[in-house]
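Please read the structure below before turning to the comments.
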Amino acid sequence: LLSAFHYDRPELLETKIIIMTSTAEVFAAMSEAVAGNGGKSLQRKFKGKVVFTINGDKVYSLDLSSPTNCKVAEGDIFEGKSDLQVMCSEEVMGKMINKEIQPQQAFMKGMLKIKGKMNLAMKLTAVLAATRKKLPSSKL
């Protein structure tokens with residue numbers, strides 16, 4: 001018989017704080033991350049246009065194609081001419097932002113679908129790391 005609680009063995013108890021973030025908050029933080037000098041630094045590494053489709057209906061565009069025009073916008077501002085298309089659920093996006101799964105792992109497990117330039121897909125981790133730094137932190 002297995003028990004979910006081990007009161008007699010506190011070392012087996014695991015505390016995990018999960019910060020739930022909405023898709024809108026993630027892309028607002030991404031917008032902050034690509035503004036100013038941070039965006040220019042990311043642009044030098046990334047150099048591309050990405051369309052994110054979350055849950056099949058929420059669409060956001062990330063433009064890091066030029067150092068003077070780094071931005072995130074709602075909708076497909078590239079009219080189908082993006083370098084990379086990323087499709088996943090809101091849950092998977094949250095897991096990637098919270099570092100519970102790497103984009104490459106999510107792709108290999110079929111949780112993340114990608115169309116376009118694979119070299120840009122490999123650089124998504126840098127964009128997510130910059131976004132993570134701009135998310136509001138928990139006040140616990």
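Results, tabulated for the structure shown:
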| quantity | calculated |
| --- | --- |
| Cα pair distances of segment 29-75 binned at 5 Å [whole percent] | 6, 26, 31, 21, 10, 6, 1 |
| Carbon and sulfur %, accessible surface of segment 80-140 computed with the full protein complex present, 1.4 Å | 55 percent |
| Protection-proxy order for peptides 120-127, 102-109, each taking the mean of Cβ atoms within 10 Å per residue, highest first | 120-127, 102-109 |
| Euclidean distance between Cα centres, segment 78-140 to segment 25-48, Å | 13 Å |
| Segment 62-109: projected area of the alpha-carbon convex hull, averaged over directions, in nm² | 4.3 nm² |
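The values are calculated or read from the model by the stated rules, or taken from the named source; none is laboratory data. Quick caveat, the model's predicted, so the values are computed rather than measured. In this analysis, Cβ positions are derived from the backbone assuming ideal geometry, glycine residues included, and neighbour counts consider all displayed protein chains. The protein model used for the area step is the full one, side chains on, heavy atoms only, and it has no ligands, DNA or RNA in it. Shrake-Rupley method; radii C 1.70, N 1.55, O 1.52, S 1.80 Å.
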